[in-house]
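Scroll down for the structure; my scribbles are underneath it.
Only the coordinates and a few stated rules stand behind these numbers; no lab work does. Computed from a predicted model, the values in this text were never measured in an experiment. Virtual Cβ from ideal backbone geometry, glycine too; neighbours counted across all protein chains shown.
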Amino acid sequence: MLKVALGLLMTGAAASAQAAPFQPTVAKTQVEQILSREAAHLDALYRDIHQHPELAFMEKATATKLAREMRAAGFVVTERVGGTGLVAVMKNGPGPTVLVRTELDALPMAERSGLPYASRVRTTWQGRPTPVAHSCGHDIHMAAWVGAARALREMKGEWSGTLIFVGQPAEETTSGARAMLADGFVKRFGKPDYAFALHVTPAPAGTVFYRSGPMSSTSDALEIVFHGRGGHGSAPAATIDPVLMAARFTVDVQSIISREKAPEAFGVVTIGAIQAGEAGNVIPDNAVVRGTIRSQDEGVRAKLLAGIKRTARAVSEMAGAPPADITITPGGKMVVNDSVLSARTEALFKEAFAEGAQRFPIVMSGSEDFSEFAELGVPSVYFLIGGLDPAFFSRALALGRLPINHSPDFAPEPEPTITTGATAMALAVMNVANRSAQADDS
């Protein structure tokens, strides 16, 4: 009887120890201690990725680096998911399955940061030589992703469940998540119970931003080919000038925003590229216009798409030209943070980061295909981290020259940005997978 009583007592003590309440501030200190030991390695990884960016679905070297990192952290890694994506899995007993996503791709643009490790990479994009740069901050995300994975490995005694760390290609073209899902993601790796992702933003480094409900905008891509009749630049009357049509469309399409859309409703049409001709004294046959459309309401989106098509057709007809070829490609849907998971994560961030945790005040104009994972019915949270030196941020904001994502001057401070992102992500995971939470659920 004594042995039975002692056995029951020890079992109860063990269960109590395992179900000790999750303490965010204590866990944050532990995570930061682990990351301090990893700091030099994560900084070197960040600089390497920054210096060697790759475009959408070209991220072979980037994926190989991350696969190596995750295997070293004890994860089982599957490569070439959805093209160049990777999935790293760590099982640690019963409990929820938690997805953590990072992006792999960079942008077709030149960097102007002046950093000693700035990108000088050039590649071919849409048939033309182009520079490549991590001007959106995905390099920061990848380093934080690896840091969070390493911290969670070291703290396996604090959580129970399965981690699915996703390295997603082609976020900038909002097609990578869809490609991974089409490659049998759920069948191969299971449907997650929760999903998290983060993004660096032009705000003071060390801050974490949360928001419940809608977080980002819906995106669509447009490509319009205006057909003219080429000829000598000195004799435009003998031609139909597609460059003039492209220019007229670029200006006239903005009347949809200023005159057709309600002023209080969000909507953006931006033309980011016009390609036509090779020589200044030759009027080409065709001109290609490419742009992006952003909206936060289906009614507004429908109005923008209809207006774009109508304007392009009118421009061609006015020039006496053949009809333009109009292609609208749906992109990322709105990211909508789950209200219950957001409240849980918000409380965590407030306790762990105190004044460093702030509510993000607006729905972002940017777009994301992280929404594809949420569309599976997975409660998800997408949060932001500041990435700029606080003094620089204040000065640039006062001058009206704050470099934002996709600016050639956007250059987040590696630290404390990477540590903040890795810490926030590791805590968010443990907040849903800690043993005491599971004991409460049971």
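Between Glu32 and Ile257, what is the label-point separation in nm under the 7 Å Cα-to-beta-carbon projection?
4.1 nm
Please report how many Lys pairs in the chain have alpha carbons closer than 22 angstrom, counting only residues at least 8 apart along the chain or sitting on separate chains.
Counting lysine pairs in the chain gives 13.
Label Thr25 and Asp43 with points 7 Å out from Cα along Cα→Cβ: what is the distance between them in nm?
Result: 2.9 nm between the two label points.
So for the chain: antiparallel DSSP bridges make up what percent, rounded to the nearest 5? Don't skip to the end; give the middle numbers.
On the way: 49 of 72 bridges.
Here the antiparallel bridges make up roughly 70 percent for the chain.
When Lys and Arg each count +1 and Asp and Glu each count -1, what net charge do the other residues less than 15 Å away from Pro403, Cβ to Cβ, add up to?
Working: positive: Arg112, Arg395, Arg401; negative: Glu111, Asp389, Asp409, Glu413.
Around Pro403, the surrounding residues sum to -1.
For His406 and Arg68 in one chain, what is 0.36 nm times their gap in residues minus the Cα-Cα distance, to one decimal in nm? Spell out each step's value before the answer.
Values: separation 338, 0.36 × 338 = 121.68 nm, distance 2.82 nm.
Gain on extension, His406 to Arg68, equals 118.9 nm.
For every other residue with a beta carbon closer than 9 angstrom to the beta carbon of Glu172, add +1 if it is Lys or Arg and -1 if Asp or Glu, then tell me the sum. Walk me through the intermediate numbers first.
Details: positive: none; negative: Glu103, Asp105, Glu171.
Computed value for this residue: -3.
Under a point-charge model restricted to the Cβ atoms of Lys and Arg (+1) and Asp and Glu (-1), what is the dipole moment magnitude of the stretch 218-330 relative to its Cα centre, in debye to the nearest 20?
I would put it at about 180 debye.
From the helices alone, meaning DSSP H stretches of at least four residues, give me the mean residue ellipticity at 222 nm for the chain, per-run term -39500 (n - 2.57), in deg cm²/dmol to the nearest 500. Could you put the intermediate results ahead of the total?
On the way: 13 runs with 175 residues, N = 442.
Rounded to the nearest 500, it is -12500 deg cm²/dmol.
Treat the count of other C-beta atoms within 10 Å as a stand-in for reagent exposure and order His141, His52 from fewest to most. Provide the component values of the computation, followed by the final result.
On the way: His141 28, His52 18.
Taking fewest neighbouring Cβ atoms as first place, the list is His52, His141.
In the chain, if every C-alpha pair distance is counted and binned at 20 Å from zero, what percent goes to each bin?
23, 51, 21, 4, 1, 0
So, in nm, how far is label Arg395 from label Glu355 when the simple model puts each one 7 Å beyond its Cα toward the Cβ?
About 2.2 nm, to one decimal.
Give the calculated FRET efficiency between Ala314 and Lys91 to the nearest 0.05, with a Förster radius of 56 Å applied to their Cβ-Cβ distance.
On the way: r = 59 Å, r/R0 = 1.05.
The computed FRET efficiency comes out at 0.45.
Using a 10 Å cut-off around each Cβ, can you sort Ile34, Ile49, Ile404, Ile257 from fewest to most neighbouring Cβ atoms? Please report the intermediate quantities before stating the final value.
Working: Ile34 19, Ile49 27, Ile404 12, Ile257 16.
Ranking Ile34, Ile49, Ile404, Ile257 by Cβ neighbours within 10 Å, fewest first, gives Ile404, Ile257, Ile34, Ile49.
GNM, the chain, Cα, under 10 Å: largest mean-square fluctuation among Arg301, Arg229, Arg150?
Taking springs between Cα atoms under 10 Å, the residue moving most is Arg229.
Can you check what the net charge comes to around Gly272, using other residues whose Cβ is under 13 Å from the Cβ of Gly272 (Lys, Arg +1; Asp, Glu -1)?
Numbers: positive: Arg290, Arg294; negative: Glu172, Glu223.
Net charge in that neighbourhood comes out at 0.
Quick one: dipole size for the chain, taken about the Cα centre, charges +1 on Lys/Arg Cβ and -1 on Asp/Glu Cβ, in debye to the nearest 20. Kindly include the intermediate steps, with their values, before the conclusion.
Details: 41 positive and 44 negative charges, 88 e Å.
Approximately 420 debye in magnitude.
Output the peptides 338-349, 79-90 sorted from most to least packed, where packing is the average of other Cβ atoms within 10 Å over each peptide's residues. Please report the intermediate quantities before stating the final value.
Numbers: 338-349: 18.0, 79-90: 21.4.
In decreasing order of mean packing, 338-349, 79-90 become 79-90, 338-349.
GNM on the chain, C-alpha springs below 10 Å: top fluctuator among Ala56, Ala273, Ala312?
Residue with maximal mean-square fluctuation among Ala56, Ala273, Ala312: Ala273.
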